[in-house]
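Chemist: This is the structure, below, for whatever I ask next.
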Amino acid sequence: MSTSPSSSPATSDDTPPSSFEMDDTIAAIATPPGVGGVGIVRISGPQAFKIGAEIFRPARSSTALPLPSHLLTHGMVANPDSGEMVDEVLAAFMRAPHTYTREDVVEIDAHGGPLVLRHILELALAHGARAARPGEMTLRAFLNGRIDLAQAEAVMALIVAESEAGRRLAMRQLQGELSARVRAARARALDALARIEASIDFPEEEVPPPDPAELAALIAASTDVVSGLLAGADQGRILREGVRVAIVGRPNVGKSSLLNALLGVERAIVTAIPGTTRDTVEERASIAGVALHLVDTAGLTPTDDPIERIGVERSRAAAASADLLLFVVDGSVPLSELDMRAAGELAALDADALIADGAATDGRHEQRPVLLAVNKADLARVVSDADASALWPGARIVPTSAVTDGGTRELAERIAALALGGDVRAGDALVASARHRDALRRAQEHLRAAAETLAAQTPLDFVSIDLRAALESLGEITGETATADLLDRVFAEFCIGK
Ligand code: GDP
């Protein structure tokens with residue numbers, strides 16, 4: 001079959017072959033590289049059954065061909081030319097359209113050795129299949145209309161999910177929750193557009209001019225859905241990608257030790273000599289179902305040592321991009337000039353970020369939470385809450401001890417809760433990818449323009465231009481208006497065999 005997206009892919013001598021050939025049969029090893037109990041070769045397309053029948057021999061010679069659909073049959077993969085047996089396998093012949101790609105699919109469950117799988121794949125290729133590109137099976141599922149683009153992306157998000165929260169979010173997207181909301185927003189904008197166009201196309205006929213109040217209500221309803229999705233987007237990103245936490249503070253306060261306590265494993269080198277953590281160390285942990293990316297920094301204090309200077313630069317970059325700052329002080333000694341300076345540097349960094357980001361960004365820096373860990377709580381405490389508050393007004397203060405592990409569990413939970421913010425319900429976080437967020441922002445902008453144009457009583461043609469642009473942006477999420485270029489970019493992120 002030949003399905004094509006809204007604009008056909010560019011073809012020239014220097015572009016790779018288009019991903020949108022749908023007439024051929026593709027094959028790939030669907031399991032990850034390496035050794036495993038089972039490995040799967042998947043063949044999809046019009047020739048899948050023919051190729052499968054050529055290279056697979058049922059164990060029982062009495063087995064009737066064609067094999068029943070969607071049932072596993074025991075047998076051998078053999079080279080039909082030489083008769084050489086390649087592996088003992090289970091094969092499933094699955095007839096279109098009830099398959100992953102909506103095409104005829106053959107799946108061969110073989111032994112999970114790289115040579116075995118390679119050999120089976122090469123037999124399939126020698127008998128008429130083409131090696132599938134990354135994500136091409138899922139691309140076909142999309143082009144054949146089984147899933148939309150947001151659902152296709154959810155497949156990959158599910159595969160790479162790092163936390164329970166991320167997995168749950170991907171699963172909801174795969175089941176079409178995001179798509180349904182986007183379609184609801186589109187339906188209202190489309191309704192408004194249809195009313196305008198009917199009056200433009202048939203001005204003299206029976207079509208009464210649309211009621212501006214009704215148009216405004218439809219545009220507002222569409223905007224509400226889009227704004228609701230955007231409101232949960234920060235949470236969505238954090239649920240999917242994890243919370244970026246930068247651990248900052250002057251040398252020797254226990255940053256590396258706290259990082260290790262949070263992870264429960266020894267990773268960063270802990271020593272009593274100031275300035276040994278010369279580089280940033282990034283670690284990942286999953287706490288309360290949320291992935292944490294913890295970055296221990298070398299400190300923000302300027303230095304003349306060229307190697308330390310690199311560390312300081314990296315620390316500043318890590319601190320600038322973090323969702324949350326964990327500012328650590330040593331509670332067993334009075335706060336020093338170095339603590340003040342670290343706090344001052346951080347404040348300056350946040351101010352820079354606010355200015356650089358302006359109002360149009362994701363707002364991450366606007367209320368970036370700061371947790372102030374008063375560490376070494378196992379020793380006599382000399383830093384009071386008042387001292388700590390003076391260092392960073394508004395920071396939440398948590399006493400911790402990296403040595404006795406006191407407070408680290410609470411610390412981890414507070415990090416997760418703070419980063420997610422208390423006010424947005426997890427159920428509202430449906431948008432997790434930067435691509436979706438970007439498309440929603442553009443849709444929101446066009447809808448706002450449509451509402452303003454309408455209110456200004458400008459001719460309705462102008463409102464329809466804005467509405468079309470909004471529909472275009474929303475359609476990019478579900479794929480209705482995705483260009484070939486966009487699809488190439490989306491599916492290039494996939495793994496082979498998916
Ligand atoms: P960093 O330079 O801020 O990363 O500090 P380190 O993690 O390297 O710790 C500096 C020193 O403080 C080491 O000797 C640690 O063993 C010690 N230390 C870290 N956390 C604690 C703590 O909670 N209690 C005590 N008593 N010592 C700690």
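Coordinate-derived values only; no laboratory data. The structure displayed is predicted, hence computed values, not measured ones. Backbone-built Cβ (ideal geometry, glycine too); neighbour counts: all protein chains shown.
Chemist: Could you tell me how many of the residues in segment 439-498 are acidic (Asp, Glu) and over 17 Å from Leu149 (Cβ atoms)? Full working, then the answer.
Modeler: So in segment 439-498, the residues acidic (Asp, Glu) come out as 445, 452, 461, 466, 472, 476, 480, 485, 488, 493.
Among the residues that remain, those that are also over 17 Å from Leu149 (Cβ atoms) are: 445, 452, 461, 466.
Total meeting the criteria: 4.
Chemist: Of the residues that sit in segment 39-63 and are in contact with a Ser or Thr (Cβ under 7 Å, 6 or more places away or on another chain) and of a type in the set (A, V, I, L, M), which one is surrounded by the most Cβ atoms within 10 Å (Cβ to Cβ)? Quick ask: steps written out before the conclusion?
Modeler: First, pick out the residues of segment 39-63 that are in contact with a Ser or Thr (Cβ under 7 Å, 6 or more places away or on another chain): 39-40, 43-48, 51, 58, 63.
Right, trim to of a type in the set (A, V, I, L, M) and you get 40, 43, 48, 51.
Details: Ile40: 20, Ile43: 31, Ala48: 28, Ile51: 22.
My answer is Ile43.
Chemist: Here's another thing I want to ask about it. Please indicate, with yes or no, whether at least one residue in segment 186-204 is of a type in the set (A, V, I, L, M, F, W, C), over 18 Å from the mean Cα position of the chain (by Cα) and not in a helix (DSSP H, G or I).
Modeler: yes
Chemist: Now a separate question. Considering segment 309-328 alone, what residues qualify as being assigned to a helix (DSSP H, G or I), over 20 Å from Ala291 (Cα atoms), among the aliphatic types (A, V, I, L, M) and within 16 Å of the ligand (Cβ to nearest atom)?
Modeler: Taking segment 309-328 and keeping what is assigned to a helix (DSSP H, G or I), we get 309-321.
Okay, now just the ones that are also over 20 Å from Ala291 (Cα atoms), so 309-317.
Now restrict to residues that are among the aliphatic types (A, V, I, L, M): 310, 312, 317.
Matches in segment 309-328: Val312 only.
Chemist: For segment 64-87, enumerate the residues that are over 40 Å from the mean Cα position of the chain (by Cα), surrounded by 14 or more Cβ atoms within 10 Å (Cβ to Cβ) and not in a strand (DSSP E or B).
Modeler: Asn79, Pro80
Chemist: Within the group Glu452, Glu410, Glu493, Glu480, which residue is among the acidic types (Asp, Glu) and touching a Gly at 6+ places or on another chain (Cβ under 8 Å)? Break it down stepwise before answering.
Modeler: Working: Glu452 fails: touching a Gly at 6+ places or on another chain (Cβ under 8 Å); Glu410 fails: touching a Gly at 6+ places or on another chain (Cβ under 8 Å); Glu480 fails: touching a Gly at 6+ places or on another chain (Cβ under 8 Å).
Answer to the check: Glu493.
Chemist: Among the candidates Leu239, Leu229, Leu259, which residue alone is buried (at least 22 other Cβ atoms within 10 Å of the Cβ), assigned to a helix (DSSP H, G or I) and touching a strand residue (DSSP E or B) at 6+ places or on another chain (Cβ under 6 Å)?
Modeler: Working: Leu239 fails: touching a strand residue (DSSP E or B) at 6+ places or on another chain (Cβ under 6 Å); Leu229 fails: touching a strand residue (DSSP E or B) at 6+ places or on another chain (Cβ under 6 Å).
None of the others qualify; the one that does is Leu259.
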